[in-house]
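Have a look at the structure below before the remarks.
The values are calculated or read from the model by the stated rules, or taken from the named source; none is laboratory data. Source: prediction; values computed, not measured. Every residue, glycine among them, receives a Cβ derived from its backbone with ideal geometry; neighbour counts consider all protein chains shown.
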Amino acid sequence: MGDRPLELGLRENLPQFALLVAINAFVGAMVGLERSTLPLIGQEEFGLSSNVAVLSFIVAFGLVKALTNLGAGALAERVGRRRLLIAGWAAALPVPALIALAPNWGWVVAANALLGVNQGLAWSMTVVMKIDLVGPRRRGLALGLNEGAGYGGVALAAGLAGWLAASFAARDVIVVAAAATALAGFGLSLLFVRDTGEHVALEQARHHPDAEGRAPRLRQAFARASYREPALRSCSQAGLVNNLNDGLAWGLVPLFLAAHSAGVAEIGLVAAVYPAVWAVAQVATGAWSDSVGRKPLIVAGMLLQAGALALLALSGGGFALALAAAFGLGLGTALVYPTLIAAISDAVSPLARAPVVGVYRLWRDMGYALGALIAGAASDALGYGGAIGLVAGLTAASGLWALGDMPARRPGPVAEEPQSVTFHR
């Protein structure tokens with residue numbers, strides 16, 4: 001920091017903030033590389049006939065990422081954000097080798113379990129560290145920039161992987177690009193990222209001078225975010241359903257389009273448009289939520305996602321309609337994704353932020369596993385259109401839940417902890 005006084009704010013911490021934005025783009029790219037090709041590899045190279053079996057890699061990814069999010073939130077104050085970020089990238093380094101050498105699908109599932117560790121630690125820490133740096137005033141904008149960079153990385157990697165897989169072996173494309181991405185993310189995190197613990201202490205002192213300076217125990221954070229507080233439980237259920245339909249988009253949509261004679265380049269374009277719209281739009285929607293509030297964007301976004309999925313279910317696999325559905329799904333997700341974490345952060349103190357966000361991200365990323373299981377089982381029983389329609393209904397129900405349960409509140413300084421909660425190291 002040199003002789004400059006420590007301050008909160010995006011402009012005041014722009015170099016570190018921009019570095020974390022770039023790193024999160026690499027985090028997103030690690031997942032994006034698989035989005036347009038890996039389900040097809042499961043069918044074509046490994047001879048998997050059951051959709052449940054094909055999507056097992058997403059189940060492993062989602063379960064491990066969800067549990068890692070929970071651990072990351074609990075350990076952030078004790079271990080430090082920077083150390084967890086580096087550990088997350090270290091977990092990504094073996095992923096390309098496992099996919100390259102895989103003699104069976106189990107190796108690919110194991111690689112995606114490690115990818116879940118990478119995403120749970122690295123993405124969680126980039127999120128929390130950006131919130132630490134900017135303070136309470138521009139939280140929505142910070143989250144929009146973070147998620148925009150991450151899903152911009154997803155979109156770019158998905159599109160490039162699909163395009164390259166039309167000319168080269170799909171598995172080779174994933175392996176080479178994943179190795180380069182993992183090395184870049186690990187090197188940047190190790191050499192240039194600084195911890196944000198001092199920023200947390202500064203915000204706590206300014207906005208909560210009378211609060212006890214200790215983070216809540218995990219069981220307290222779990223109760224608050226899971227069922228005790230309406231503002232938090234509404235976000236947790238919406239996050240779960242959001243990633244449930246994202247898991248469907250990741251695993252089932254490529255198979256759905258391929259079954260209707262779409263080529264790998266067309267599949268790659270649909271797989272890229274959805275996160276690309278999501279990435280670009282959420283920079284604006286995150287900032288918008290700072291002024292209009294979180295609830296309207298969350299409810300509208302969930303209902304828009306439901307409509308887009310219904311369109312996809314009725315499209316018959318037509319490329320133009322699938323592309324339009326991908327655009328609508330991306331826009332709906334952009335309304336929801338950064339706004340949910342901003343709403344969580346509004347409702348807790350700085351020291352409670354990492355544990356509570358960790359619990360939220362546990363529920364949110366459990367949606368990947370549930371989405372893959374529901375999509376796989378439902379598509380085997382009802383066909384692709386039936387499975388997508390089922391998830392559209394669940395998404396609409398989630399939006400209506402948030403409409404009825406989530407309190408309407410204006411963004412602003414972080415809420416005080418309830419007096420009944422005790423804190424421990």
Residues satisfying the stated conditions in region 97-155, i.e. farther than 16 Å from Ala284 by Cβ and among the aromatic types (Phe, Trp, Tyr) = Trp105, Trp107, Trp123
query = Hey, among the residues in region 162-178 that are farther than 17 Å from Gln119 by Cβ and among the small types (Gly, Ala, Ser), which one's nearest to the chain's Cα centre (by Cα)?
reply = Gly162
Filter result for Phe61 (in contact (Cβ under 8 Å) with a residue 12 or more places away in the chain and either in contact with a Pro (Cβ under 7 Å, 6 or more places away or on another chain) or under 19 Å from Leu370 (Cβ atoms) (or both)) = yes
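Let's see how each residue does on (1) in contact (Cβ under 8 Å) with a residue 40 or more places away in the chain; (2) within 15 Å of Val357 (Cβ to Cβ); (3) polar (S, T, N, Q):
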residue: Pro94; (1), (2), (3): no, no, no
residue: Leu141; (1), (2), (3): yes, no, no
residue: Asn146; (1), (2), (3): yes, yes, yes
residue: Ala149; (1), (2), (3): yes, no, no
residue: Gly162; (1), (2), (3): yes, no, no
query = When the residues of region 398-425 are filtered to those that are surrounded by fewer than 13 Cβ atoms within 10 Å (Cβ to Cβ) and at pLDDT 90 or above, which remaining residue is farthest from Gln204 (Cα to Cα)?
reply = Gly404
ask   = Looking at region 32-72, which of its residues are closer than 22 Å to Ala165 by Cβ, under 22 Å from the mean Cα position of the chain (by Cα) and among the hydrophobic types (A, V, I, L, M, F, W, C)?
value = Leu33, Leu38, Val54, Leu55, Phe57, Ile58, Phe61
key: Residue satisfying condition, being in contact with a Pro (Cβ under 6 Å, 6 or more places away or on another chain), crowded, with 24+ Cβ neighbours inside 10 Å and within 27 Å of Arg194 (Cβ to Cβ), within set Gly73, Gly28   = Gly73
query = Among the residues of region 16-37, how many are at pLDDT below 90 and part of a helix (DSSP H, G or I)?
reply = 2
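The rows are residues; the columns are (1) within 26 Å of Ser36 (Cβ to Cβ); (2) in contact (Cβ under 8 Å) with a residue 40 or more places away in the chain; (3) in a helix (DSSP H, G or I).
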position: Ala310; (1), (2), (3): yes, yes, yes
position: Ala324; (1), (2), (3): yes, no, yes
position: Gly328; (1), (2), (3): yes, no, yes
position: Pro355; (1), (2), (3): no, yes, yes
position: Arg364; (1), (2), (3): yes, yes, yes
position: Ser379; (1), (2), (3): yes, yes, yes
message = Cβ-Cβ under 9 Å, sequence separation 6+ or interchain: first residue in region 278-300 and farther than 20 Å from Gly399 by Cβ, partner acidic (Asp, Glu) and buried (at least 20 other Cβ atoms within 10 Å of the Cβ). Which pairs?
response = Ala279/Glu147; Val283/Glu147
ask   = So is Asp365 among the charged types (D, E, K, R) and within 22 Å of Ser49 (Cβ to Cβ) or not?
value = no
query = In region 158-199, how many are surrounded by fewer than 15 Cβ atoms within 10 Å (Cβ to Cβ) and of a type in the set (Val, Ile, Thr)?
reply = 0
task = Could you tell me whether Gly148 is in contact with a Gly (Cβ under 7 Å, 6 or more places away or on another chain) and either surrounded by 24 or more Cβ atoms within 10 Å (Cβ to Cβ) or under 30 Å from Ile41 (Cβ atoms) (or both)?
result = no
query = Can you spot a residue in region 371-383 that is within 22 Å of the chain's Cα centre (by Cα), more than 30 Å from Gly197 (Cβ to Cβ), crowded, with 23+ Cβ neighbours inside 10 Å and of a type outside the set (A, V, I, L, M)?
reply = yes
request  = Considering only region 319-334, state which residues are more than 27 Å from Leu63 (Cβ to Cβ) and either buried (at least 24 other Cβ atoms within 10 Å of the Cβ) or out of contact with any Phe, Trp or Tyr (no Cβ under 8 Å at 6 or more places or on another chain) (or both).
outcome  = Phe319, Ala320, Leu321, Ala322, Leu323, Ala324, Ala325, Gly328
inquiry  = Conditions first: (1) under 30 Å from Gln220 (Cβ atoms); (2) out of contact with any helix residue (DSSP H, G or I) (no Cβ under 7 Å at 6 or more places or on another chain); (3) not basic (Lys, Arg); (4) not in a helix (DSSP H, G or I). Leu8 passes all but one, so which condition is the exception?
reply    = (2)
Residue identified as crowded, with 17+ Cβ neighbours inside 10 Å, under 22 Å from Ser379 (Cα atoms) and free of Cβ contacts under 8 Å to residues at least 60 places away in the same chain among Leu48, Leu98 = Leu48
ask   = Within region 193-213, is there a residue that is hydroxyl-bearing (Ser, Thr, Tyr), at pLDDT 90 or above and closer than 24 Å to Leu85 by Cα?
value = yes
